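Visitor: Right, I'll just put the structure down here and ask away after.
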Amino acid sequence: MPPFETRPLRENNDSSQAVNAVKNIRIEQSNGGVEGDCQTGGGLISSVNENSANPHGVGMIRGTSAAVRTACAGVTLLLGALLLAAPLRAQSGIMVGVYVGTVVESVNYSWVAVSTSAEHLEKYTTGTAGLAVRIPVFEAWSLHINPYYAQRNYPLQAMGVNGSQKYRLEVGEVERIGVPMALAWHIGQTQVLRPWIAAGVEFGVNVGSTMVRIVEQKTMPEPLFNAVRYHTLPLNQLYGAGVVQAGVDIAAGERWLVTLGGAYAVEFSAPVDDALFTWQAPRYWNVRLGVLHEIPF
């Protein structure tokens, strides 16, 4: 009969990675003369020094072998828990990628043919596409730069009357190229997910139809004729906005991320501000999905 019975430690799928990480953990009791190794291949107590000077013989060996097995099992489970809870690898280089999404923009128009207490509210839902660049700043902070293209509105035509004068409003389709820059804080990390929040500013340029046209028509009774005047109001081509963002990164490989995020922005100034027509400072919501790849320094 051997000094003690050797049995494999029980493994499961969740802790197999931790078991394979344990390498020859030696436990030695000097006064008992018992030596043991926790091996990764089968989790066995591999060797016992039978030439011990311990006068109590087998009883001491059996008691110590139980302690060895208990210690090995504890170390194995601890390492398994640590590996399963390992965080998503911290960003160590610049990340670049692309994204697509949707934009919902809220626009308030007020013009001379409408009472000053009333506004013409429009909400436009359009698509967007752009680039994503992330630059690490501190351990849990990074700078997000996301240049994009989006449509601001749909063409709009409206008719109105103010006293004896008739007006027709014509607003063309306007697009914008924006560059949001926000400082992001990565709230916490798990093995797969990394949520973040960010705040910053956005600067951009309005392109496309950058003129608003108002046609003013007045009928003169004597002599009877129609007086028509055309007003062309330029759109401010440059704009700025404050922006807040939030999202979550999803690990898709060693240096790949899938990111899902949203943003809310309020522009600092009105695109058009005139007594005949005012396009008040727009607000927009943005939801986007992108893929990023890390380029190490």
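The values are calculated or read from the model by the stated rules, or taken from the named source; none is laboratory data. As the structure is a prediction and not an experimental result, all values here were calculated from the model. Glycine also receives a Cβ, built like all others from the backbone with ideal geometry; neighbour counts cover every protein chain displayed.
Visitor: With respect to PRO234, determine if the residue is at pLDDT below 95, surrounded by fewer than 17 Cβ atoms within 10 Å (Cβ to Cβ), over 51 Å from the mean Cα position of the chain (by Cα) and not aromatic (Phe, Trp, Tyr).
Guide: Spelling it out, it is not the case that PRO234 is at pLDDT below 95, surrounded by fewer than 17 Cβ atoms within 10 Å (Cβ to Cβ), over 51 Å from the mean Cα position of the chain (by Cα) and not aromatic (Phe, Trp, Tyr).
Visitor: Do you know which of the residues in the stretch 239-297 that are in a loop (DSSP other than H, G, I, E, B) and surrounded by 19 or more Cβ atoms within 10 Å (Cβ to Cβ) is farthest from the chain's Cα centre (by Cα)?
Guide: Narrowing the stretch 239-297 to residues in a loop (DSSP other than H, G, I, E, B): 252-255, 268-271, 274-276, 280-282, 297.
Checking the rest, the ones that are also surrounded by 19 or more Cβ atoms within 10 Å (Cβ to Cβ) come to 271, 282.
Numbers: PRO271: 29, PRO282: 24 Å.
Among them, the one singled out is PRO271.
Visitor: Just need a number here: residues in the stretch 179-207 that are surrounded by fewer than 17 Cβ atoms within 10 Å (Cβ to Cβ), touching a residue at least 40 places away in the same chain (Cβ under 8 Å) and either more than 14 Å from the chain's Cα centre (by Cα) or assigned to a strand (DSSP E or B) (or both).
Guide: 9
Visitor: To continue, here is another question. For ALA227, are the conditions met, namely being modelled with pLDDT under 90 and either among the acidic types (Asp, Glu) or part of a strand (DSSP E or B) (or both)?
Guide: yes
Visitor: Would a scan of the stretch 213-231 turn up a residue that is acidic (Asp, Glu) and buried (at least 17 other Cβ atoms within 10 Å of the Cβ)?
Guide: Of all residues in the stretch 213-231, those acidic (Asp, Glu) come to 216, 222.
With buried (at least 17 other Cβ atoms within 10 Å of the Cβ) added as a condition, the list becomes 216.
Looking for residues that are acidic (Asp, Glu) and buried (at least 17 other Cβ atoms within 10 Å of the Cβ), one finds at least one in the stretch 213-231, hence yes.
Visitor: Okay, next question. Select from the stretch 146-178 the residues that are aromatic (Phe, Trp, Tyr), buried (at least 16 other Cβ atoms within 10 Å of the Cβ) and under 16 Å from TYR109 (Cα atoms) and list them in ascending order. Let's see the steps before the verdict.
Guide: At the first step, the residues of the stretch 146-178 found to be aromatic (Phe, Trp, Tyr) are 148-149, 154, 167.
Subset that is buried (at least 16 other Cβ atoms within 10 Å of the Cβ): 148, 167.
The answer is TYR167, and nothing else.
Visitor: For the stretch 94-139, give me each residue that is at pLDDT below 85, touching a Phe, Trp or Tyr at 6+ places or on another chain (Cβ under 7 Å) and of a type in the set (Gly, Ala, Ser).
Guide: ALA113 - this is the single residue of the stretch 94-139 that is at pLDDT below 85, touching a Phe, Trp or Tyr at 6+ places or on another chain (Cβ under 7 Å) and of a type in the set (Gly, Ala, Ser).
Visitor: Just the residues that are within 20 Å of ILE187 (Cα to Cα) and small (Gly, Ala, Ser), please, taken from the stretch 242-297.
Guide: Listed by number, the residues that qualify are ALA246, GLY247, ALA251, ALA252, GLY261, GLY262, ALA263, GLY290.
Visitor: Hey, another quick one. Taking the stretch 217-252 only, how many residues are acidic (Asp, Glu) and in contact (Cβ under 8 Å) with a residue 60 or more places away in the chain?
Guide: Our first condition is that a residue be acidic (Asp, Glu); within the stretch 217-252, this holds for 222, 249.
Add one more test, that the residue is in contact (Cβ under 8 Å) with a residue 60 or more places away in the chain, and what stays is 249.
Qualifying residue count, the stretch 217-252: 1.
Visitor: Restricting to the stretch 127-178, give me the number of residues that are over 27 Å from MET95 (Cα atoms), in contact (Cβ under 8 Å) with a residue 12 or more places away in the chain, assigned to a loop (DSSP other than H, G, I, E, B) and not acidic (Asp, Glu).
Guide: Here the count works out to 6.
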